[in-house]
Every structure is written in structure tokens, then in C-alpha cells.
Amino acid sequence: MPDPIITLTTDFGEDSPYVAAMKGVILGINPHARLVDLSHQIPPQHLQHAAFFVATALPAFPPGIIHLVVVDPGVGSDRALLCVELDGQRLLVPDNGCWTEWARRSTGQPAVHCVAEPRYWRQPVSATFHGRDILAPAAGWLSLGIDPAALGPPAADWVHLNMPAPERDPDGWTGEVVFVDRFGNLITNIPGDAITDSSNAHAQVAVGLHMVAQRVRTYAEAARGTTVALIGSTGMLEIAVVQGNAARSLQAASGTPVTVRSAND
Amino acid sequence: MPDPIITLTTDFGEDSPYVAAMKGVILGINPHARLVDLSHQIPPQHLQHAAFFVATALPAFPPGIIHLVVVDPGVGSDRALLCVELDGQRLLVPDNGCWTEWARRSTGQPAVHCVAEPRYWRQPVSATFHGRDILAPAAGWLSLGIDPAALGPPAADWVHLNMPAPERDPDGWTGEVVFVDRFGNLITNIPGDAITDSSNAHAQVAVGLHMVAQRVRTYAEAARGTTVALIGSTGMLEIAVVQGNAARSLQAASGTPVTVRSAND
Amino acid sequence: MPDPIITLTTDFGEDSPYVAAMKGVILGINPHARLVDLSHQIPPQHLQHAAFFVATALPAFPPGIIHLVVVDPGVGSDRALLCVELDGQRLLVPDNGCWTEWARRSTGQPAVHCVAEPRYWRQPVSATFHGRDILAPAAGWLSLGIDPAALGPPAADWVHLNMPAPERDPDGWTGEVVFVDRFGNLITNIPGDAITDSSNAHAQVAVGLHMVAQRVRTYAEAARGTTVALIGSTGMLEIAVVQGNAARSLQAASGTPVTVRSAND
């Protein structure tokens, strides 16, 4: 049996001692835990970014992993804290919906418990850092083998975060950019097959007012500087500028409209 | 017995190969060592930031951990290198005082040795990177079980870093912002009970020239945009703007004066 | 036997889910793998930076480590993917030359295989993320003990990345800045002994049009603000401003010319 793995995803950045404190708390409960950083650069309190991150990253992990995801604009309110089991993975998270897109894309059914049993909390519990005082200890205890049901009662309901949904009509798709990566590639919420199914063999793709020049299978198929549409690594329609930065060239960002239009007239 | 844990905290940033080199050196000495990054984003050579980080993060860790903290503006001078034992943890650090605030807040007594025994150094020792050539190897050897006394003689004295101290007078407290986190929250050096003890039930808090509107237990208690004072997760007085950025709104930074004044006349 | 170590170096940054996905894939293949981040802040698609990073960082590691280095401007082209064995370490990397400077500085001979055997790939293989779908799985399988030869046939040739080479003439050296660290120190491609061998006892060092004031063994030997030349931690000539930032003061960056001139007339 390998030692248990706990991943950490936060919007804390890396100059503050907040991430370090969570790691210390986990190791104090289970010194065998193996800590794996996923990101501490989620934009501050940006739940949609966190939801995209979780929905994209977690399916790559095997069962048995414990994930701690702390983006928590509601800390100190009466929002619940949750332990979500899905596809054999366990997620500790404030009840803010940043995991529901992941669940929506899964074929599994989530089992959700509240993290509400003070015996597993760090004392005293601060009013502003439940990541350190409640969720990190819960991760430590889960990694020691306690059952999620020991953390608190089943949750009857939870916040659903609505991700922007693309619309399909007879002429094609209307969606938007949902993520811009470090290379300036624009990841959209339109399924990749929007540009590959036979009925759309001549579809035209636009980002805002910019027409996309070429449809490719991969960046390398077009000349440097060309704006291309392709199926990205997440299976979604992606817009890139070959060896360039599409976000900059097309002045696009999260939320910029993207359309796929049939051109068979 | 879990494999030994060595944490790393530096001001090296993450684009240079310096952190990687230290990790390689440690693993070359003890391939069983488990490396845990705390931060590599301490502002360059900023000892007060490092001291705040160490004093805040380390108390969350259990005994038995080895911490390597390399913020080293004096590298190549005759400043000593130290192995500090406190509260069952061991810290390898240049003698620059960035750990003395941690020690001041602890009830324990530090045992301090010089790291001066060349048999445990990486050879040749560079003149500019003692983190890689002296401290990282020392961490590796400690994790293998050698005694701190093997690294060098007891240190008779060491640098004390003076953190800005708040002042208390009959009217209240005068302190300053000592850390701004990624959310723009202002962490001060004034104890949190300055705003909770009964004699100060109506105390007024000011940051620079800005009066703080409301005293709360947690961010969620006031309306969006309100400037609030609360006891932060470190137990100190903290100033925040609800769902906003206090540093930006109040034009505050580390060093900005903060006052708590009684208003009972 | 310690659990196998896999290091990760990318230009993905830390807000995207790309690094996380690679970690998930590795742990899905070998849940015992120990993941060690080296950097995810290589400037986007900057092969020379990656080459400097690899050549500087990897020699600090012991044999037996598996390194995954994904800076991949050619993803989706017909560029090969490689498994390089050198000095007992194994490197998984697109065939873009970012490892050849490391090999040039080593006395060992690299053994190179193509990563071409689909049975070890993640399916389906995306057209744009071979780091996740081919190289990360290869790292996982190597860490389980398969032989590099199982990944694909020996590579007959590979891309060599030419790093800027310094020139030596009877009067001294002409080279350039190859890396600027977070402190603004300028690491050059001129060997450190250019300023220490006896024939150059009075050599003058210049960065662009700026003469370097003083030659030192370490930063601490000169007064604050002095521009100094020294042998840096990598053995190369380095230019620094004591307690300052040489890149800013001298308006220097990667590529800025550096000269060492004899002054014995």
C-alpha cells in the first residue's frame, strides 16, 4: 500500500504562510501523508476558475486520492464544508459549487457529507481560515482511514455553480472562452466535435469579431502567426495563434463570445 | 516510522534552477527524504517577510520536521550558518535572525549549533550559494539521523531580528501592517484582543488616515465593500474589505501605521 | 529501496490544470511515485531557458531519478519524444534539444530511445498535450521498472540546441548574459577562471557599455551598490550589484554582451 496522497489547490498564492500552515496541520495528523501541490495560483476567490480547474484536473487522477480545494469567498458565513466522494476520489471543499462541474461531467454519483464534527477540527477554530482549521484536519483524518460519515451527516443539498453553457441552434454553436492558459490559448465551452462533425465541415469559427483563419488538428499544421481552431487537450474547441498568443492577438479573455457557424449556403 | 520530511522556504523564485539544485543535493544524500515546498516567493532578501512567514507557518508543524529556510543577503560574508532546535523541530538557516520571532513566540528554549563541520558540506563550496553547498547537505544528513552537535559547536550568540513592536498606552494601541496577503487583507502586529477586551468595546481602528467602519468576527458579517477589523487567523488584528482588497482601497502596505483608540469619552 | 522519484519541469505556469493533470496520470500508473516539482515557470516555449535550467539543475541530482521536462513548442508536429539516459538519470523530453547542453557538460555518454510505443500511452492521445498523454505515462512506467528500450527504438539522431558560445582571443573573452536570476544577478557563458587565471590578473570586465568596478570572491566583499564580477555558483562568470539588482542597474538581460579584456599594456 502506498502512503496516502493529499493534493492541495488554493487561491492563496505562494508568498503567504497559509499553504504552509495547512501542510503542517496535515502532517501533524498524519506524518505519512504525501502532499502534492496542484495549484496555489487560482485567481483570488474566482470560483469559476476553480471549477474549471477541478473539472479538468481531477479526472486525470486515480481512485484513492484525497483532494483539498480551498477557494473560499464565503469563509465565516454559514456556508457548509463538504466531503465529496466521486469516482473513488474524495474532495474536501467549502460548499461553493466549485466541484459540481466535475460531477456533472462524470458518470458517477457523488456521495456528499458535511464536515461538521468538531472532534476532527483543529482548536481553536479561527473565524477566517477554515482551510487550516477544519478542512486540512479532515484531509489528515481521512488519510488515516476514518470514514467520511464520521466527519458529519450526509448533505441533503449543496450549491451548484452554473458554468456558462454553450447554445446550439441549427446554424451552429454560441459559447464563450472559459479559460486562457499561459500560452494565450483560448479554451472554450463548445465541444470539440462542433468543428469536426460532417455537417460542419465548412463551419466558420469566430472569437468576438475575429474570424478564425484555419481549422487544424494541431498547432504545427499552420504557419506561424495563423489563428487556428482545434480540439484542445480537454476535448473542447480551442483557439490558438501558432507560435503566438491568441488572447493578446484577438484581445480575448474569459467570457469573450465564440461562435461556430455553418457556411453551407 | 514515516520517511523524514524536509521543508524548503526560499526567496529564489521559481524560474531559476536554484531550488532544484538544493533538492537534488538533499536527495543525493538521503534518497528517502520527503521534500515539501513551503514557499519560494519570499520577496528577495526580505528578512522581515521571512521572519513573519517562519513565525506563522512553523507552529502549525509537528515535531520531527526539518526546515530549510534560505533567505541569505549576507552569503559570503562571515555570517554563521545555524541549526536551530525548537519545539522538536529543526531549522537550518543563515544567521540573520529570520527565526527569532518564531522563538520569541514559543514557550520552548532553542538549542542552537553552528553548521561548521566541512565533512558534511558539498565540495567545492561556492562563495555565493551556501544554501546548496552547506545547508541543504546539512538537512540531508540530519534526516539520516546525525545529531545537530555533529554539524558544529554550540552557537554562543546569534542575530536577533527586531520585528516592529506595537505600543500600548492608556488610550489603546499603535502598531503597523506587517503583512499583506494575496487578498489584500492587512495583518497587523497588534494583538487581536485589542478589539475584543471589554475596556475597548467601542475602540476605533484606523489604518493610516482611514477609519475602519465596523468590527466583525468574520468577513461575512458585513456588507460587500465594508472596511472591517477582525481577529485574523494568526490571532492578530486584521483589516479587510469585504469581498474587496483592503491594501488597494486603503492604499496600505507593510509599514502603514494602525491605531486602536478607546472612544469612551 | 526508496520509492521512485519523478521530477517535473514545465513552462505551464501554475494557474492552469495542466501540471495537475500530468501528476494525476503518473500517480494513476504508479501510486508509489514521489513527485518533486523543479519549476513550472520556465518562460513559455523558451528552449534556451529550459536548456540552461536543465544543465544547471540536473547535475545536482543523484542517479536513479526520472526527470520529466515539458517545454514543447513543437507539440503536434512530427518531432520525436525521447527518453535520455545520462549519468544514471533518465529524462523524458520532446526532441527539442533542451537537454543537449546538459549532455555536453557531462563526461558521460547519453543513451537515447524514442518514446514511440503506444501501449504505454494514455488513450486517447490528444494532438496538443503529449506531456500528459505520452511523456507522463512513460515516466510512470519507467518508475515501475520497465526498461527504456521498451518505450521505443534507439534514436539515431536528435536535435542539438546551440547555446551561445563565448569566444576567446589573445585579449580575453567575449560572451553574453545567459540567465538573469530573481536577484538581478547576471549569469554569463564565460568560464569563471577567465577572471582568476594569472594572465588575467588585471582583466577588465564589461557588461554592454558598463565597466565592472571590482572583482570579488563573494558579494559581501564590496560596498553596497558596487558592480562586481565573481565566479558564480555554477562556475561561470557572474556580474552582480552588491545588495542591488545588476539587471536593472546595468539595463542588462539575456543576450547582453559581456567582455573580459586584459589590461596589461
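The values are calculated or read from the model by the stated rules, or taken from the named source; none is laboratory data. Remember, predicted model here, so these are calculated numbers, not experimental data. All Cβ positions, glycine included, derive from the backbone under ideal geometry; neighbour counts span all protein chains shown. These accessible areas exclude ligands, DNA and RNA; they are computed on the full protein's heavy atoms, side chains included. Shrake-Rupley method; radii C 1.70, N 1.55, O 1.52, S 1.80 Å.
Descriptive notes on the structure:
- Within the stretch A:123-146, backbone nitrogen closer than 20 Å to the virtual label 7 Å beyond the Cα of residue B:193 toward Cβ: A:123-128
- Using a 7 Å projection from Cα along Cα-to-Cβ, the label point at residue A:106 is separated from the same position in the remaining copies by 4.1, 4.1 nm, smallest value first.
- Residue B:146-residue B:213 FRET efficiency (beta carbon distance; Förster radius 56 Å; 0.05 resolution): 0.50
- Chains B and C together, accessible area buried on both sides, 1.4 angstrom probe, square angstrom: 2700 Å²
- Across the copies of the chain, residue A:162 has label points (7 Å from Cα along Cα→Cβ) spaced 5.9, 5.9 nm apart, shortest distance listed first.
- For residue C:95, distant residues with modelled amide H under 5 Å away: C:80, C:81, C:82
- Mean separation of Cα contacts under 8 Å (6+ apart) over length of chain B, as relative contact order %: 15 percent
- Evaluating kT/(6 pi eta Rh) at 25 °C and 0.890 mPa s, with the Kirkwood radius of the stretch A:6-107 over Cα pairs in the Stokes-Einstein relation, gives 176 µm² s⁻¹.
- Fraction of beta bridges assigned by DSSP in chain C that are antiparallel (%, nearest 5): 70 percent
- Space enclosed by the convex hull of the alpha-carbon atoms of chain A, per residue, Å³: 147 Å³
- P(r), alpha carbons of the stretch B:194-245 - 10 Å bins starting at zero, rounded %: 27, 58, 15, 0
- The HN-Hα couplings worked out from phi for the stretch B:168-180 by the Karplus form 6.51 cos²θ - 1.76 cosθ + 1.60 (θ = phi - 60°) are 10, 9, x, 8, x, 10, 10, x, 7, 6, 10, 7, 10 Hz, whole numbers, x standing for Gly and Pro.
- Two-site FRET efficiency, residue C:123 against residue C:248, from Cβ-Cβ distance with R₀ of 41 Å, rounded to 0.05: 0.25
- DSSP assigns beta bridges within the stretch A:31-154; of those with both partners inside it, close to 80 percent run antiparallel.
- For the stretch B:239-246, 3J(HN,Hα) per residue [Karplus equation, 6.51 cos²θ - 1.76 cosθ + 1.60, θ = phi - 60°, Hz, x = Gly/Pro]: 10, 9, 10, 4, 6, x, 10, 5
- Expressed as a whole percent, the accessible surface of the protein assembly as shown that belongs to carbon and sulfur atoms is 51, based on a 1.4 Å probe.
- The radius of gyration of the Cα set in the stretch B:3-53, together with its Dmax, comes out at 11.9, 33 angstrom.
- Shape descriptor for the protein assembly as shown: Rg over Rh equals 0.97 (Cα atoms; Rh from the Kirkwood inverse mean 1/r).
- Cα-derived Rg over Rh, computed across the stretch B:153-265 with Rh taken as Kirkwood radius: 1.05
- The distance from the alpha carbon centre of the stretch A:60-124 to that of the stretch C:206-263 is 52 Å, rounded to a whole number.
- Spherically averaged projected area of the convex hull of Cα atoms, the stretch C:39-163: 7.2 nm².
- In order through the stretch A:104-119: 3J(HN,Hα) via Karplus (6.51 cos²θ - 1.76 cosθ + 1.60), integer Hz, x for Gly, Pro: 4, 7, 8, 8, x, 10, x, 10, 10, 10, 6, 9, 9, 9, x, 5
- Residues whose amide H comes within less than 5 Å of that of residue C:64, counting only those at least five positions distant or on another chain, are C:89, C:90 (H built at 1.01 Å from N in the peptide plane).
- The other copies place their residue B:119 label points at 5.1, 5.1 nm from this one, listed shortest first, where each point is 7 Å from Cα along Cα→Cβ.
- Translational D in µm²/s for the stretch B:49-112 (Stokes-Einstein at 20 °C, 1.002 mPa s, Kirkwood Rh from C-alpha pairs): 181 µm²/s
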